[in-house]
Amino acid sequence: MDFPQFANPLVFLLISPVVLGGLYAVRKGVSKYLILSRVIILCLLITALASPFTMGMTTVKDDAPRITVLTDKTMSMDIFNKDTGQKIYEAIKSKTPTTFREFAGMTSPVGDEIISASENNHIVLVSDGNTNYGKDLSDAITFVSKTGTRVFAVNQKLLHNDMSLEIAGAKNLIIGNENVFNIVVRQAGDSARYRLDVKVDNDPVNLPDESKNIDQKERTKTIPFSYTFKKLGTHSIEATITPEGEDWFPINNKFYKSVFVVPKPKVLAITDDTGSSLYQIIDSLYAVDRAGSIPDDLTKYRTVIIDNKGAGMLGSDSIKNYVGGGGGLVVVGGDASYDKGNYNNSPVEAMLPIISRAAEYRGGRNLVIVMDASGSTSGEDPTTKLSFIGLIDANALNIVYNVARDSAVGIVAFGGVTVKTDMLSMGSDANRAELDKFIREIGPKGGDNPTDLENGLRGAEKMLNSVTGTKEIIVFSDGMMPPEGVEAIKKTAIDLKNNNIRMQFVQIRLAYETEKTPNRLYNEIAIAAGEPTAVVLNPDERASTLIIEEPGATPEPIPEPTPETIYEYPLAAIDTNHFITKYVNITASVTGYNDVTPKLGSDRLVATTKGKPIITTWGFGLGRVAAFTTDNGAGNTMWASAVYSGENSRLISGMINWAIGDPRGKEGVVVQAEDIWGGTPGRVIVTSNTVPQVQLDKKDIALSSTGPTTYETTINPDKEGFHDLSGYGIAVNYPIEYREVGFNDKLKTIIESNGGRVYDEDGVEGLLFMDIKEKATRTVEAPQSEKEPFLLAALILFLAEVIIRRMKDYRKDRPKIEDNLPRAEPVEAAAEVAE
């Protein structure tokens with residue numbers, strides 16, 4: 001509890017005369033208890049007069065909200081109308097206190113500007129929402145919303161289209177290994193045609209035709225190409241796009257990437273299975289030594305890979321010291337590892353990012369049921385009297401009452417108006433009952449209710465954005481889709497799929513319908529969402545088969561003669577921006593895994609669709625540790641054979657490459673520097689046992705010592721293209737301001753999840769002020785009076801004193817009973833009378 005502060009502390013000077021007066025009264029013979037009581041009462045009243053207060057948070061409603069129109073005039077905004085912010089300011093300044101603020105330049109610190117403009121103001125953001133400097137945009141909007149500031153934004157119309165180009169891939173590569181580079185083409189609009197050309201060391205790369213002449217309909221397109229370097233040292237990669245239509249900024253149509261090729265690093269494989277898929281990949285990519293146990297000296301290895309070994313074989317201090325000093329460690333599971341190898345509470349588990357026992361997965365399964373309540377679902381079978389909406393309700397309820405208790409479920413109903421619930425935990429029977437009631441009240445309002453499935457999917461996406469864990473959507477519909485909206489729905493489904501949201505589309509059939517295949521347009525939506533086809537359910541079928549739960553751990557073999565049940569657990573990337581998972585399209589399933597729990601501070605990268613960890617990483621000391629909690633793809637279990645084939649195998653090489661870090665080792669002078677954006681200084685780190693001499697394009701640069709063997713500096717070449725840093729290549733590209741083009745689609749989700757709204761440019765002026773006024777509540781820190789406790793205490797003490805004095809006076813004045821009785825005559829006198 002906070003101690004109160006006082007607005008008028010000088011009032012406390014009155015306590016001194018009160019106390020002196022009390023002492024004087026006691027000396028004059030006044031009851032000391034009475035004087036003590038009165039002194040305390042007066043002191044309490046004086047304290048109240050001093051106006052005690054504490055600082056607290058309070059919510060304030062603004063009838064005339066203060067608004068800041070925050071306008072982005074950085075270079076990337078040239079493709080929009082730059083007068084939009086000024087027009088909005090002119091339209092609302094007469095209605096409420098409004099200020100106009102703008103920022104410009106070659107970087108977009110949108111998050112920083114929002115925080116700076118937020119003091120006691122609501123913000124109307126006129127920007128593309130692409131932040132490339134300073135505070136993260138989502139963090140900034142969430143931060144200001146906690147103080148009552150609401151952020152609104154305007155989705156402006158494009159005046160011009162623009163495209164940008166980037167090459168994504170590792171900087172330091174291993175000789176002889178196939179490397180996958182991803183060419184990322186972004187556009188501001190939704191349609192562009194261009195030619196793509198790629199050169200490696202000035203030699204053209206022979207791309208397939210579909211990767212040369214491209215008709216791009218999506219905002220961002222990733223075009224992979226593979227290349228194997230056969231010479232050590234610096235190499236250059238150059239990509240160029242040649243647009244056929246409008247492209248506002250030509251500066252971002254060319255991208256340079258420099259890579260450095262090194263010999264195969266030495267790794268140690270602790271394994272007895274040289275025929276496994278894991279060992280075959282390791283042996284083809286690295287210089288491998290094999291051992292059955294961990295040797296004492298590990299210094300010559302960049303990474304140690306432990307394959308399905310029990311804890312008793314891993315307890316030596318050498319592996320702990322090796323990883324703590326900067327080595328890499330990959331631990332692969334199996335039937336003798338992790339929970340099956342006594343890892344729990346063992347010394348080796350201290351290094352790992354997991355605990356080798358199962359626990360309830362708190363991030364768990366998050367499922368949104370999207371229900372078609374459009375007018376067409378009122379149709380019914382004349383024989384059975386079953387209606388589409390009745391069967392949709394029955395299937396939704398079937399899922400609610402059959403899904404696991406560690407799941408969270410929400411409902412979205414679409415049909416003219418989209419309504420939805422919150423995400424509710426299925427561990428509570430009361431929550432299941434609440435969803436039951438909601439589902440039973442859903443129904444079509446009439447034949448004119450449109451089938452606006454796009455709004456239903458967007459509503460489900462918004463609900464899933466508020467949770468962590470695996471995310472799924474199941475759509476129940478009669479399958480009747482209006483042709484004019486299908487392309488927009490397919491685009492939405494693709495967006496959700498790209499955000500790792502799994503979708504299933506279920507079409508309800510009535511008994512009289514003879515066609516048992518899904519409607520064509522509805523099936524196209526399902527395929528766009530990544531499903532092989534839409535699911536058709538007859539009236540006597542229920543959807544609980546769509547949510548069959550995995551067992552809590554890898555099933556044990558069933559004794560003969562009963563055949564063992566084989567389960568498949570599809571994998572999904574949890575973090576798609578990590579080095580290991582970025583640009584990897586995971587399609588594999590596993591048939592078993594080690595049941596483990598991620599530790600606090602670890603990074604869970606890949607899991608089953610039920611949330612069981614498969615790849616988990618963290619840093620231990622100066623080293624990197626990856627836990628791969630399924631097997632090597634061979635042996636007795638063969639849980640993960642699909643992970644080691646096709647594109648999925650990039651997870652294995654990516655995981656080991658991540659553990660290795662820089663494959664060059666630490667011998668000699670090692671220069672580390674990433675490619676840089678024009679105008680943005682780049683950091684150079686040099687590791688050397690002696691003071692190094694480093695040159696940029698044959699000119700000496702000064703280094704600062706940052707450790708016993710490390711030196712640092714920054715460079716900022718003013719010319720785009722390739723530069724030489726003492727034999728280590730550096731590429732300089734266009735300014736980062738031109739990388740992200742067009743309106744940031746994620747801005748809408750961020751703003752709406754924090755109580756704001758994004759408007760189209762045409763409707764902003766009419767709706768903006770009314771919405772801001774409606775939502776204009778601010779949480780402010782304000783003084784809160786604490787007089788009441790002191791006044792109440794003084795009153796109680798005074799009343800107690802009065803009551804006590806009245807009781808004493810009453811007892812003193814009350815006549816004694818014996819005084820009112822007749823007096824008895826003395827015995828002697830009575831005897832004389834008797835005689």
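The values are calculated or read from the model by the stated rules, or taken from the named source; none is laboratory data. Just so it is clear, the model here is predicted, and its values are computed rather than measured. Here the Cβ positions follow ideal geometry from the backbone for every residue, glycine too, while neighbour counts run over all protein chains shown. Ligands, DNA and RNA are stripped out before the accessible areas are found, and what is left, the full protein with its side chains, is counted by its heavy atoms. Shrake-Rupley method; radii C 1.70, N 1.55, O 1.52, S 1.80 Å.
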Of all accessible heavy-atom area on region 570-695, the percent that carbon and sulfur account for (1.4 Å): 51 percent
Potential lengthening between residue 344 and residue 761 on full extension [0.36 nm per residue; Cα-Cα distance subtracted]: 144.3 nm
Formal net charge of residues neighbouring residue 656 (Cβ-Cβ distance under 14 Å; K, R +1; D, E -1): +2
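Could you pull out the chymotrypsin sites (Phe, Trp or Tyr not before Pro) across region 223-332 that fall in loop regions by DSSP (anything but H, G, I, E, B) with no more than 15 other Cβ atoms inside 10 Å?
On the way: sites: 225, 227, 229, 248, 255, 256, 260, 279, 286, 301, 322; in loops: 229, 248, 286, 301.
Those that pass, being in a loop and sparsely packed, number zero.
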Solvent-accessible area per residue for region 41-112 (1.4 angstrom probe, square angstrom): 43 Å²
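Which pairs break 28 Å Cα to Cα here: 257/612; 340/462; 171/462; 437/462; 199/221?
Numbers: 257/612 37 Å; 340/462 40 Å; 171/462 36 Å; 437/462 22 Å; 199/221 19 Å.
The pairs that break the limit, which is 28 Å between Cα atoms, are 257/612; 340/462; 171/462.
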Sum of -39500 (n - 2.57) over DSSP H runs of 4+, divided by residues of the chain (222 nm, nearest 500): -7500 deg cm²/dmol
Bridge type composition, the chain - antiparallel percent by DSSP, nearest 5: 55 percent
Size descriptor, Kirkwood hydrodynamic radius, that averages inverse alpha-carbon separations across region 699-766, Å: 17.1 Å
Label-point gap, in nm, between residue 691 and residue 212 - each point 7 angstrom along Cα→Cβ: 5.6 nm
Set of lysines near residue 157 by C-alpha distance (under 17 Å), chain-local residues within fewer than 8 positions excluded: 73, 82, 87, 746, 748
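Out of region 609-714, which trypsin sites (Lys or Arg not before Pro) are coil in DSSP terms and have no more than 10 other C-beta atoms within 10 Å?
Values: sites: 610, 624, 650, 664, 666, 683, 698, 699; in loops: 610, 664, 666, 698.
Within region 609-714, the qualifying trypsin sites (Lys or Arg not before Pro) (loop, at most 10 other Cβ atoms within 10 Å) are 698.
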Dipole of the chain [Lys/Arg +1, Asp/Glu -1 at C-beta], most positive-end residue of 688, 751, 80: 688
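Enumerate by residue number the chymotrypsin sites (Phe, Trp or Tyr not before Pro) in region 563-605 meeting two conditions: DSSP loop (anything except H, G, I, E, B), and at most 15 other Cβ atoms within 10 Å of the site's Cβ. Could the numbers behind the result be given before it?
Values: sites: 567, 579, 583, 593; in loops: 567, 579, 583, 593.
Sparse-neighbourhood loop chymotrypsin sites (Phe, Trp or Tyr not before Pro): 567, 579.
Rounded to the nearest 20 debye, what is the charge dipole size of region 611-699 about its Cα centre when +1 sits on each Lys and Arg Cβ and -1 on each Asp and Glu Cβ? Display every interim value, and only then the final one.
Working: 8 positive and 7 negative charges, 37 e Å.
The calculation lands at about 180 debye.
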Candidate lysines for bridging to residue 300, where Cα separation is under 20 Å - those fewer than 8 sequence places away on the same chain excluded: 264, 266, 320, 666
Centroid-to-centroid separation of region 712-730 and region 376-425 [C-alpha atoms, Å]: 60 Å
Value of relative contact order over the chain, rounded to a whole percent, pairs C-alpha under 8 Å and six or more apart: 17 percent
